[in-house]
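As structure tokens, the structure follows; a few thoughts come after it.
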Amino acid sequence: MDLLLDGFATALTPSNLLFAVVGVLLGTAVGVLPGIGPAMTVALLLPVTYSVPADSALIMFAGIYYGGMYGGSTTSILLNTPGESSSVITALEGNKMAKNGRAAQALATAAIGSFVAGTIGTVLLIVLAPTVGPLVVQLGAPSYFAIMLLALFAVTVVLGASKLRGFIALFLGLAIGLVGMTSGQPRMTFGFAELSDGIEIVVVAVAIFALGEALWVAAHLRRKPLEIIPVGQPWMSKADWGRSWKPWLRGTAFGFPFGALPAGGAEVPTFLSYVTERRLSKHPEEFGKGAIEGVAGPEAANNASAAGTLLPMLALGLPTTATAAVILVAFESYGLQPGPQFMAQNEALVWALLASLFVANTLLLVLNLPLAPVWAKLLQIPRPYLYAGILFFATLGAYAAGTSSFDLGLLLVLGVLGFAMRRFGVPVLPLIIGVILGPRLEEQLSEALEISRGDYGTLVGEPVAIAAYVVMAALLVGLVVARVRSSRSTTPTSVTEKDEVNA
Amino acid sequence: MSQQHAAPAAPPAPEPTRHRVVDTAQYAMAAFLAVAGAYVVYNGTQLRGGMSADFLPPSTFAYVVGGVLLVLAVLLAVATARGDVAEAEEGEDVDLSSGTDVRTLGLLVAVLCVNVFLIEILGWAITGAILFTGAAWVLGSRHWVRDIALGVALSVGTFYAFYVGLGVPLPAGILNGVL
């Protein structure tokens, strides 16, 4: 408790409070702005880690994360075009509500639901983080190796429509992670001395998230402006409150555990929450036409999952979402390595971060309810300036990372890769997680083999490791079963097609 | 070849969009993966075995990653031939109905290249402004005065913000001494 109070003392100093406000505002703004998500924003802001103290920067990034989650819902509701995959579900009912003239209520239930879920999620994080910490310290290299493999596998397999493309992204990421000196010799450096320290993850993140996205959007820029539904002050009637509070709590219950899992993310829990609310609702006929439960539940779920994501990130150093991955890069640029020892060694920082999550959440509620009409105006920013600005700051961020024009060339090459990935439907998350975890995977395997004197049997010598492999096997079996089932359901049609052709 | 309103037993006209769509550009992606995989494996063979105490030679990961990339390249090529079409990413400002605007893409890459090659000669204050103004122009903005003013304000502003605020010196280039 004392630690938490100390954390609040740190988080509430005027300068840190300012960073939290900036983070929350910036996060919401970029969540609202098309084409930019929280991951890209944190990536673009990584240069601040060169001079801003660690606690302030991380407090700001946490604000961006929470704010971005919330801001995404605004576009879903007002535009019916979700900016982040986590707010796809919100658009289903939210935009219908807006079209029925209930935009204010939709925004209000999203904002208050995010606050409730974020607060409960943060409490869970505070309760769980200290208990998980000592447990993970006991894990050996084989367990780590297995957990990281599980995380990579799960992120690749569980999310996204095409598993093949997921694996393509993952292995491209692992290949990028191979670059650099190993055991005193250059690997994958193409003869460039600049590459001997490996590719700066900042450059990879900015290239894939910011440059790739900006180029992709620029090449497909919508010429017709989107239709924006005007919005007033968000508010809710008593009936709306009555219909919202249970979905908020249930959404939180879905969101947090999924966020904390290695395969985390917000897509699955928001979907589960939506389905549950539709089943439990007293107004099932309203679903598909603008049911408030369908906004309240998924919005709570996505914010709770954001809190959940921080658990494996702090305790194990495992990022499970794109934003968490980039925040991890920020930790690393301070020389901090989240993981087992991290929580014990950086107690003050961790507690300040946790306390700042409460602060960010409260700020989000206080600022966003009155500011909703302003956010809606942001959607009208001229697109040439928006995307020119993204290119400008992407270049700046990548140059500042190494102050060499070599990094800019690299940025361009990887940016074109990011473009190609979007063109071919290859997801970006497995790539970035592959780049981050690849080298650590090798490190843990090397350490495990060092201890066992080269005996690969050590990899299944720890219960946690075995459990991780079992989960992976289960995922694989589930995948194969689903594949067989779906091919069975499509075979009859293809047979009849053939018959028709032969006839 | 067959009329829609012919005898009821006649086969419906085959939908050409569903049958023979092969996303040929995807072969290029597969080829890229194959080249990348082959290079990773080749690079692995060039690595020395390392010291005898090394239980995990640096080539192991290279072989695994490179090998899998090669397999994935083949799988992607096969999937493409079978008519697998990529689901291109959607977004708020993305209009997928009109295909890729190659000209815009090419011009943006050119603008970025200008910055890569000139940043250390001309300095960020100049190339940054060119970058912003150029990109805004490529994307369809025609307010020259406003575009240039914004570009210059951004590049000079960030130059000082990084120098004074973050302690990161951006190249001053030919304006060295002026800024």
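Would you pick out the residues in segment A:1-48 that are hydroxyl-bearing (Ser, Thr, Tyr) and within 20 Å of the chain's Cα centre (by Cα)?
If the condition is that a residue be hydroxyl-bearing (Ser, Thr, Tyr) and within 20 Å of the chain's Cα centre (by Cα), then A:THR28, A:THR41 are the ones that fit.
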| Hits in segment A:343-378 - residues which are under 22 Å from the mean Cα position of the chain (by Cα) and of a type in the set (S, T, N, Q) | A:SER356, A:ASN361, A:THR362, A:ASN368
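Does B:ARG82 meet the test of being more than 7 Å from chain A (Cβ to nearest Cβ), over 27 Å from A:GLY166 (Cα atoms) and of a type in the set (Lys, Arg)? Break it down into steps so the answer makes sense when it comes.
Details: more than 7 Å from chain A (Cβ to nearest Cβ): yes; over 27 Å from A:GLY166 (Cα atoms): no; of a type in the set (Lys, Arg): yes.
So B:ARG82 fails the test.
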| query | Of all residues in segment A:422-431 being more than 21 Å from B:VAL65 (Cβ to Cβ) and assigned to a helix (DSSP H, G or I), which is farthest from the other protein chains (Cβ to nearest Cβ)? | reply | A:ARG423
| request: Identify all residues within segment A:370-392 that are in contact (Cβ under 8 Å) with a residue 12 or more places away in the chain and either under 30 Å from B:ALA28 (Cα atoms) or not in a helix (DSSP H, G or I) (or both); write none if there are none. | output: A:LEU379, A:GLN380, A:ILE381, A:TYR387, A:ILE390, A:LEU391
| said: What's the total number of residues in segment A:343-374 that are closer than 25 Å to A:LEU5 by Cβ and touching a helix residue (DSSP H, G or I) at 6+ places or on another chain (Cβ under 7 Å)? | reply: 21
| field | Residue check, B:ALA125 facing another protein chain (nearest Cβ under 7 Å) and part of a helix (DSSP H, G or I) | value | no
| message | Quick check on segment A:350-369. Is at least one of its residues part of a loop (DSSP other than H, G, I, E, B) and closer than 23 Å to A:THR131 by Cβ? | response | no
| field | Which listed residue is surrounded by 22 or more Cβ atoms within 10 Å (Cβ to Cβ) and farther than 24 Å from B:ASP93 by Cα, from A:SER196, A:SER183, A:SER143 | value | A:SER143
| query | A:GLY402 is checked against (1) more than 16 Å from A:TYR50 (Cα to Cα); (2) more than 9 Å from chain B (Cβ to nearest Cβ) and fails just one. What number does that condition carry? | reply | (1)
| remark: Picked from segment A:432-446 (must be more than 9 Å from chain B (Cβ to nearest Cβ) and among the charged types (D, E, K, R)), the residue surrounded by the fewest Cβ atoms within 10 Å (Cβ to Cβ) is A:GLU443
| task | Test A:GLY397 against the stated conditions and say whether it is out of contact with any Lys or Arg (no Cβ under 8 Å at 6 or more places or on another chain) and within 14 Å of chain B (Cβ to nearest Cβ). | result | yes
| request: Go through segment A:60-82 and give me each residue that's without any contact (Cβ under 8 Å) to a residue 40 or more places away in the chain and either among the β-branched types (Val, Ile, Thr) or surrounded by 24 or more Cβ atoms within 10 Å (Cβ to Cβ) (or both). | output: A:SER76
| said: For segment B:139-167, give me each residue that is modelled with pLDDT of 90 or more and small (Gly, Ala, Ser). | reply: B:ALA149, B:GLY151, B:ALA153, B:SER155, B:GLY157
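In the set A:LEU174, A:LEU170, which member is among the hydrophobic types (A, V, I, L, M, F, W, C) and in contact with a Pro (Cβ under 6 Å, 6 or more places away or on another chain)?
That would be A:LEU170, the only listed residue that is among the hydrophobic types (A, V, I, L, M, F, W, C) and in contact with a Pro (Cβ under 6 Å, 6 or more places away or on another chain).
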| If a residue has to be crowded, with 20+ Cβ neighbours inside 10 Å, more than 7 Å from chain A (Cβ to nearest Cβ) and not polar (S, T, N, Q) to count, how many in segment B:56-79 make the cut? | 2
| Among the candidates A:SER51, A:SER15, A:SER85, A:SER114, which residue alone is buried (at least 24 other Cβ atoms within 10 Å of the Cβ), among the polar types (S, T, N, Q) and either modelled with pLDDT of 80 or more or farther than 19 Å from A:LEU369 by Cα (or both)? | A:SER114
| remark: Listed by first then second residue, the pairs whose first member lies in segment A:407-429 and is within 15 Å of A:ALA322 (Cβ to Cβ), whose partner is assigned to a helix (DSSP H, G or I) and among the polar types (S, T, N, Q), with beta carbons under 9 Å and at least 6 positions apart or on separate chains, are A:PRO427/A:THR156; A:LEU429/A:THR156
| query | So which of A:ALA57, A:ALA29, A:ALA43 is in a helix (DSSP H, G or I), surrounded by fewer than 24 Cβ atoms within 10 Å (Cβ to Cβ) and not hydroxyl-bearing (Ser, Thr, Tyr)? | reply | A:ALA29
| Counting just the residues of segment A:174-211 that are among the polar types (S, T, N, Q) and assigned to a loop (DSSP other than H, G, I, E, B), which one comes out nearest to B:VAL41 (Cα to Cα)? | A:THR189
| Does at least one position in segment B:39-49 carry a residue that is facing another protein chain (nearest Cβ under 7 Å), modelled with pLDDT of 85 or more and farther than 30 Å from B:ASN176 by Cβ? | yes
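Condition (residue is outside any helix (DSSP H, G or I), within 10 Å of another protein chain (Cβ to nearest Cβ) and modelled with pLDDT under 90) applied to segment B:19-35: is it met by at least one residue? Lay out the reasoning, then the answer.
First, pick out the residues of segment B:19-35 that are outside any helix (DSSP H, G or I): B:20-24.
Now drop any that are not within 10 Å of another protein chain (Cβ to nearest Cβ), which leaves B:23.
Now drop any that are not modelled with pLDDT under 90, which leaves B:23.
Scanning segment B:19-35 turns up at least one residue that is outside any helix (DSSP H, G or I), within 10 Å of another protein chain (Cβ to nearest Cβ) and modelled with pLDDT under 90.
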| query | From the set of residues in segment A:452-488 that are over 13 Å from A:ALA146 (Cα atoms) and surrounded by 14 or more Cβ atoms within 10 Å (Cβ to Cβ), which is nearest to the other protein chains (Cβ to nearest Cβ)? | reply | A:SER452
| Among the candidates A:ALA307, A:ALA291, A:ALA315, A:ALA301, residue that is outside any helix (DSSP H, G or I) and either closer than 30 Å to A:ALA146 by Cβ or touching an Asp or Glu at 6+ places or on another chain (Cβ under 7 Å) (or both) | A:ALA291
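The values are calculated or read from the model by the stated rules, or taken from the named source; none is laboratory data. Only a predicted model underlies this, so the values are computations on that prediction, with no experimental measurement involved. Every residue, glycine among them, receives a Cβ derived from its backbone with ideal geometry; neighbour counts consider all protein chains shown.
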